[in-house]
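Visitor: Structure provided below as structure tokens; questions to follow.
The values are calculated or read from the model by the stated rules, or taken from the named source; none is laboratory data. Predicted, not measured: the structure shown is a model, and the values here were computed from it. Because the Cβ atoms are built from the backbone with ideal geometry, glycine has one as well, and the counts that use them run over all protein chains shown. For the accessible areas, the whole protein counts, side chains as well, though only heavy atoms, and no ligand, DNA or RNA atoms are used. Shrake-Rupley method; radii C 1.70, N 1.55, O 1.52, S 1.80 Å.
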Amino acid sequence: MKKILFVCLGNICRSPMAEFIMKDEVRRQNRAGDFLIASAGTSGEEEGNPVYPPARAELAKHGISCEGKRAKKFLPSDYSAYEYILCMENSQVRELRRQTGDPDKKIFRLLDFTSSPHDIADPWYTRNFSLAYAQIAEGVRAFLLFLQKGDEAQQK
Ligand code: 4NP
């Protein structure tokens, strides 16, 4: 079982999109049972709130539901509970490394798994939810390939 936590600032736009895009992807691959996937924000400001309606609408355009998701703040105990902590921006990588020290080197920026490493701009400010979706989906695909390569290397 691989345990993955996606992290953004508010946990109402980007990291919930990543959570549900990845859940959808592994379900399509009939591997849902191999993963525990969740998301959190570095800020507690939106705690308890549902996914922001334009982010929810963008997921729905792709046939993905995020029903029942409520924003939660990253807790120190999340560090040991997850194997990969995948952040949307370097600012969250820095913040979580500061909070946890990252002794197990499990905090990453999602798009660092792609050939075009950069932050995923916050659609809360850019209003570009389709671009955020495309970038997050690319990151999720690249991360799944990274995991697959690791599994293949282990089997050799
Ligand atoms: P997210 O977007 O980090 O992708 O969930 C944001 C949502 C809310 C706020 C900032 C970013 N806010 O400042 O309330």
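Visitor: Restricting the search to segment 122-136, which residues are in a loop (DSSP other than H, G, I, E, B) and closer than 8 Å to residue 13 by Cβ?
Guide: Scanning segment 122-136 gives a single hit, 122.
Visitor: Anything in segment 30-72 that is touching a Pro at 6+ places or on another chain (Cβ under 8 Å), hydroxyl-bearing (Ser, Thr, Tyr) and farther than 22 Å from residue 91 by Cβ? List them, or say none.
Guide: Passing the criteria: none in range.
Visitor: Just need a number here: residues in segment 45-89 that are in contact with a strand residue (DSSP E or B) (Cβ under 6 Å, 6 or more places away or on another chain) and closer than 20 Å to residue 118 by Cβ.
Guide: 5
Visitor: Additional query: When segment 107-117 is examined, which residues are found to be surrounded by 15 or more Cβ atoms within 10 Å (Cβ to Cβ) and of a type outside the set (A, V, I, L, M, F, W, C)? Step through it out loud before you land on a result.
Guide: Here is the first cut: in segment 107-117, the residues surrounded by 15 or more Cβ atoms within 10 Å (Cβ to Cβ) are 107-114.
Hits for segment 107-117 are 109, 112, 114.
Visitor: Go through (1) free of Cβ contacts under 8 Å to residues at least 24 places away in the same chain; (2) touching a strand residue (DSSP E or B) at 6+ places or on another chain (Cβ under 7 Å) for residue 116 and report which single condition fails.
Guide: (2)
Visitor: Test residue 68 against the stated conditions and say whether it is open to solvent by less than 70 Å² (accessible area, probe 1.4 Å) and closer than 16 Å to residue 23 by Cβ.
Guide: The answer is yes for residue 68.
Visitor: Moving on to the next point. Which one of these does residue 121 not meet: (1) modelled with pLDDT under 95; (2) under 12 Å from the mean Cα position of the chain (by Cα)?
Guide: (2)
Visitor: Additional query: Do we find a residue being open to solvent by 20 Å² or more (accessible area, probe 1.4 Å) and within 16 Å of the ligand (Cβ to nearest atom) anywhere in segment 145-154? Full working, then the answer.
Guide: Here is the first cut: in segment 145-154, the residues open to solvent by 20 Å² or more (accessible area, probe 1.4 Å) are 145-146, 148-154.
Filter once more, so that each one left must be within 16 Å of the ligand (Cβ to nearest atom): none.
Checked segment 145-154: no residue is open to solvent by 20 Å² or more (accessible area, probe 1.4 Å) and within 16 Å of the ligand (Cβ to nearest atom).
Visitor: Applying the selection to segment 80-105, what residues are under 13 Å from the mean Cα position of the chain (by Cα) and open to solvent by less than 50 Å² (accessible area, probe 1.4 Å)? Spell out how you get there, then give the answer.
Guide: The initial filter retains those residues of segment 80-105 that are under 13 Å from the mean Cα position of the chain (by Cα), namely 82-89, 92-93.
Those that are under 13 Å from the mean Cα position of the chain (by Cα) and open to solvent by less than 50 Å² (accessible area, probe 1.4 Å): 82, 84, 85, 86, 87, 88, 89, 92, 93.
Visitor: When segment 131-142 is examined, which residues are found to be open to solvent by 60 Å² or more (accessible area, probe 1.4 Å) and either away from the ligand (no atom under 13 Å from the Cβ) or within 13 Å of residue 86 (Cβ to Cβ) (or both)?
Guide: Residues of segment 131-142 open to solvent by 60 Å² or more (accessible area, probe 1.4 Å): 131, 138, 141.
Correct list: 138, 141.
Visitor: Counting only residues that are touching a residue at least 40 places away in the same chain (Cβ under 8 Å) and in contact with a Cys (Cβ under 6 Å, 6 or more places away or on another chain), which one in segment 5-58 is surrounded by the fewest Cβ atoms within 10 Å (Cβ to Cβ)?
Guide: Among those that are touching a residue at least 40 places away in the same chain (Cβ under 8 Å) and in contact with a Cys (Cβ under 6 Å, 6 or more places away or on another chain), it is 52.
Visitor: Going by the conditions given, is residue 107 under 20 Å from residue 137 (Cβ atoms) and β-branched (Val, Ile, Thr)?
Guide: It is false that residue 107 is under 20 Å from residue 137 (Cβ atoms) and β-branched (Val, Ile, Thr).
Visitor: Which of the residues that make up segment 118-127 are more than 10 Å from the ligand (Cβ to nearest atom) and surrounded by 15 or more Cβ atoms within 10 Å (Cβ to Cβ)?
Guide: 119
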